[in-house]
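Have a look at the structure below before the remarks.
Computed from the coordinates by the stated procedures, all read-outs in this text should not be read as laboratory data. Since the model is a prediction, treat every value here as computed from it, not as a measurement. Using ideal geometry, Cβ is built from the backbone for each residue, glycine included, and neighbour counts are taken over all protein chains shown.
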Amino acid sequence: MRPETFVPHGPSPSWSAGLSIPIPVAEPYGGAVNRRLIVVEGIGGVGTFAYNSGLQSWTQLADAPIRRVGAACASFGGKLFCVGGEEVLQPATTDALYIFDERANRWSAGSPLPFPVTRAGAA
């Protein structure tokens with residue numbers, strides 16, 4: 001597990017090292033919300049973190065309701081929608097949808113998918 005963070009710069013991005021995430025994680029999931037990168041746990045990590053590249057800082061946020069890897073996430077309207085994945089504590093593919101409201105720092109349950117899915121794409 002590698003805690004490094006790399007930050008893109010410019011319209012044709014070059015990459016530079018940023019401040020490492022405060023916990024080691026593998027297979028995290030997340031997305032960009034309100035100009036911050038939201039990273040959610042994965043294997044070996046617990047918690048939700050926001051990276052502010054302008055301030056070079058990480059902020060710990062509310063924990064996700066379930067621990068999972070392989071979730072598909074997309075942001076819309078200032079929220080991060082994360083669906084599916086595999087639960088870490090009792091390995092099983094899930095149909096769960098959880099929505100993270102970055103401004104309220106709160107997760108809420110959404111309507112589950114009609115079937116379990118893992119390692120899918122979202123946009």
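Key figures
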| item | result |
| --- | --- |
| Matching residues, the range 16-46, being assigned to a loop (DSSP other than H, G, I, E, B) and surrounded by fewer than 19 Cβ atoms within 10 Å (Cβ to Cβ) | LEU19, SER20, PRO22, ILE23, PRO24, GLU27, ASN34, ARG35, GLY44, VAL46 |
| Residue tally, condition of a type in the set (A, V, I, L, M), assigned to a loop (DSSP other than H, G, I, E, B) and either surrounded by 13 or more Cβ atoms within 10 Å (Cβ to Cβ) or touching a Ser or Thr at 6+ places or on another chain (Cβ under 6 Å) (or both), over the range 77-89 | 1 |
| Residues of the range 54-73 satisfying the condition of being assigned to a loop (DSSP other than H, G, I, E, B) and of a type in the set (D, E, K, R) | ASP63, ARG67 |
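This table checks each residue for (1) under 15 Å from GLU27 (Cα atoms); (2) touching a residue at least 40 places away in the same chain (Cβ under 8 Å); (3) not in a loop (DSSP other than H, G, I, E, B).
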site	(1), (2), (3)
SER75	no, yes, yes
PRO91	yes, no, no
PHE100	no, yes, yes
SER108	no, no, yes
SER111	no, no, no
PRO114	no, no, no
VAL117	no, yes, no
ALA122	no, yes, no
